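The values are calculated or read from the model by the stated rules, or taken from the named source; none is laboratory data. Worth saying up front: this structure is predicted, and the values here are computed from it rather than measured. Glycine gets a Cβ as well: all are built from the backbone with ideal geometry, and neighbour counts include every protein chain shown.
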Amino acid sequence: MEMQESMMGRGREAIDMIVDPESFQENTVGAQSFDDPEFGPGAVVGTATLDGKTTTIIASDGNAFNEKFPVVYAGIIGMEEGYKMAQAVYASIAADAEKPLEEKRALVLIVDTPGNGPGKVEEIFGMNKATAAYQLALAEARLKGHAIIAMVIGRAISGAFLCHGLQADSIVSLDANYGTMIHVMPLTSVSRIIKKPLEVLEEISKDNAVFAAGPRFFYSLGGVGLIVDHVDGMRPAIIDRVAEVQKAKAEGKQDTLGPWGRGALGAERGGRVERPKVMALMNEEFAAVAGQYAPAR
Amino acid sequence: MSNWQNLQPRSFLEASARDRALGLVDEGSFTELAGPFDRVTSPHLELLGDAVAFDDGIVTGIGRIGKTPVFVISQEGKFIGGSVGEIGGAKMVNTIKLAIEFHDDLVAKHPDLTDEEKPVVVISFETGGVRLHEANAGLLAHAEVMDQLQKARGKVPVIAVIGSKVGGFGGMGFVAAATDAIIMSEFGRLGLTGPEVIEQEMGKEEFDASDRALVYRTTGGRHKYIMGDANFLVQDSIEAFRKQVVELAPLPVSDFEAMRRIGSPETVEKQLRLVALAAEMQPQDAVDVWAKAGNENAAGLLDVPFAEFMSTVKRLAV
């Protein structure tokens, strides 16, 4: 696999590589416009066409710095950024509220973010709410029938990936030849914190994907649906995934998509086989007692 | 006195996850699902040569409060900080899923089902989020929990109870924020980036994690109550938490929707007014915000007795 120039910090360029030429209108989604250039500058939101179809685009700007919240730079999602992204999602839902399923616009999340705002002011005012608000908005859009595709181009790190990516229907990632980073923590830090030698962890991770870093490990866990090994592959892969997701939704196969669908994929690919077992056990145990908890009639 | 009666006056902070679960629901009503006798343990910890727990550090099951079926998830901070791995995460996800399915079954069977007969979910948080020993699986489980919380909307109310020292941080800080109603004690803590992590990433000037008073001012129950992030603040006992859950359990789901801090375009607007206030104030300390809320004795608010705090505190309104 030939190493390629990293896409890290190049979210805006990625938008142009993916959408129809010259079609991206930043700061407008449905009826909502984001006119204040100082509001959540780390979040890029707007509308484009993709294969001729109206699509909401949400990305991080790796070069932006939020003057009001100095811990927000290099693609970090701060409070303003999280709520701005949530607003873009709600505006997408509202714009297509009356439309039939197949006409609801897709949302494409371009993922290159190292984290959430790690500051004192953020904790005082509740950074956790901003990122949770965005996740709930994405989950709502997904459950209301919008196709949501995440395209990992650079950093998809821990809580920031939860926030911006892991609520998508389907996740596509550039391969490791682009220096793509998907992890909770690099293995070196894991080694330090859980006090296990790095060599031991590296050895175990050859057969067990649950803690190692990188797109291939997430693929076997079902966390990434598809890997592409060249930037030219992003646009066609996303167009295909949108069509597949829309078809699955039209057929009522919502459960094959999103976080729940990734669970099944993780079992199928052998990366997460314990999850379904414990769930089946609980279902069986609950079925045996459910009658006791039903109301008396 | 029965074990259940003995549990009631006990400190929630010091209780185990199982005692919290047992004590929150009616006496003798709790059935544990995938409990310790099932011995479902983490193979990933075993592979690393680490100790395992027969419940993987999380108690899941169903009990009853009056006529309400109550699905309970209770995290155990004494086992690897209550961290969430593949099995514990799956137990959490599936408990909420079972509650939604049970709701749908009951509604289908009984068109006259009353609000108090509809299931609720109660989650006791004691976790810093992802378990690093199985980090990727834990992370993916968090996304599944968020998905289930959205699926529960409008059907099954989800109540967060936070009265543990570990509290709810990391990815589980998102999850707690995404529930319908949050009950805290003053010893409970809620946030995203833990004090140690902020200090490590941004330096001691940004946050001195060894300053316990600072930690509680920023993330503790009293602060979160002033900010509106906790809907209810209760004394540190199992019965005090239970009493609040008992009051909430029979309410219609629309009442829960009204308690939400996030989850709609309108609540996002409101939160953005708070963010604008943060930008304008640039507070050095939570005390600045308490004063802004109209508390004359802001600096002393952590020290006044609980009852006095509750009767005099002014909560932030935007």
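If you go through region A:120-145 and keep only what is surrounded by 24 or more Cβ atoms within 10 Å (Cβ to Cβ) and outside any helix (DSSP H, G or I), you end up with just A:126.
When A:258, A:214 are checked against the criterion of being within 9 Å of chain B (Cβ to nearest Cβ), of a type in the set (Gly, Ala, Ser) and under 18 Å from residue A:151 (Cβ atoms), a single residue qualifies: A:258. Here residue B:110 meets the list (1) within 11 Å of another protein chain (Cβ to nearest Cβ); (2) buried (at least 18 other Cβ atoms within 10 Å of the Cβ); (3) closer than 25 Å to residue B:249 by Cβ almost entirely, failing just condition (2).
Within region B:271-287, the set of residues being over 26 Å from the mean Cα position of the chain (by Cα) and either farther than 30 Å from residue A:87 by Cα or of a type in the set (Asp, Glu) (or both) comprises B:280 only.
Residues are listed down the side, and each one gets a yes or a no for (1) in contact with a helix residue (DSSP H, G or I) (Cβ under 7 Å, 6 or more places away or on another chain); (2) within 8 Å of chain A (Cβ to nearest Cβ); (3) farther than 25 Å from residue B:258 by Cβ:
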position: B:81; (1), (2), (3): no, no, yes
position: B:90; (1), (2), (3): yes, yes, yes
position: B:94; (1), (2), (3): yes, yes, yes
position: B:146; (1), (2), (3): yes, yes, no
position: B:161; (1), (2), (3): yes, no, no
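A search for C-beta distances below 8 Å between a residue of region B:30-43 that is more than 15 Å from residue B:18 (Cα to Cα) and at the interface with another protein chain (Cβ under 8 Å from one of its Cβ atoms) and any residue that is charged (D, E, K, R) and part of a loop (DSSP other than H, G, I, E, B), counting only pairs 6+ apart in sequence or on different chains, returns B:40/B:55; B:40/B:56; B:42/B:56. Within region B:8-24, restricting attention to residues that are touching a residue at least 60 places away in the same chain (Cβ under 8 Å) and outside any helix (DSSP H, G or I), which residue is farthest from the other protein chains (Cβ to nearest Cβ)? In this case the residue turns out to be B:9. Checking each residue in region A:139-162 for being more than 9 Å from every other protein chain (Cβ to nearest Cβ) and either over 27 Å from residue A:212 (Cα atoms) or not small (Gly, Ala, Ser) (or both) picks out A:141, A:144, A:145, A:146, A:147, A:148, A:149, A:151, A:152, A:153, A:155, A:157.
Kindly evaluate residue A:99 against the criterion of being within 19 Å of residue A:249 (Cα to Cα), touching a Lys or Arg at 6+ places or on another chain (Cβ under 8 Å), surrounded by fewer than 24 Cβ atoms within 10 Å (Cβ to Cβ) and more than 7 Å from chain B (Cβ to nearest Cβ). Considered against the rule, which asks whether it is within 19 Å of residue A:249 (Cα to Cα), touching a Lys or Arg at 6+ places or on another chain (Cβ under 8 Å), surrounded by fewer than 24 Cβ atoms within 10 Å (Cβ to Cβ) and more than 7 Å from chain B (Cβ to nearest Cβ), residue A:99 comes out as no.
Restricted to helices (runs of 4 or more DSSP H) entirely inside region B:182-243, those with at least 2 residues that are closer than 16 Å to residue B:316 by Cβ and either within 14 Å of chain A (Cβ to nearest Cβ) or in contact (Cβ under 8 Å) with a residue 12 or more places away in the chain (or both) are B:212-219, B:221-227. Within region B:252-263, the only residue that satisfies the criterion of being surrounded by fewer than 18 Cβ atoms within 10 Å (Cβ to Cβ) and not in a helix (DSSP H, G or I) is B:252. Among the residues examined, residue B:102 qualifies as without any contact (Cβ under 8 Å) to a residue 60 or more places away in the chain, part of a helix (DSSP H, G or I) and farther than 28 Å from residue A:193 by Cβ. For region B:244-296, the candidate set comprises residues that are more than 10 Å from chain A (Cβ to nearest Cβ) and polar (S, T, N, Q); within that set, the residue that is farthest from residue B:100 (Cα to Cα) is B:295. Restricting A:252, A:261 to residues that are surrounded by fewer than 20 Cβ atoms within 10 Å (Cβ to Cβ) and either among the charged types (D, E, K, R) or out of contact with any Leu (no Cβ under 8 Å at 6 or more places or on another chain) (or both) narrows the list to A:252. Looking at A:57, A:77, which is the one that is under 24 Å from residue B:174 (Cα atoms), in contact with a Cys (Cβ under 8 Å, 6 or more places away or on another chain), hydrophobic (A, V, I, L, M, F, W, C) and surrounded by 24 or more Cβ atoms within 10 Å (Cβ to Cβ)? From the options A:57, A:77, the qualifying one is A:77. Helices (runs of 4 or more DSSP H) fully within region A:157-207 that include at least 2 residues being buried (at least 24 other Cβ atoms within 10 Å of the Cβ): A:158-163. Among the candidates A:226, A:281, the residue that is away from chain B (no Cβ under 13 Å), modelled with pLDDT of 95 or more and closer than 30 Å to residue B:47 by Cα is uniquely A:226.
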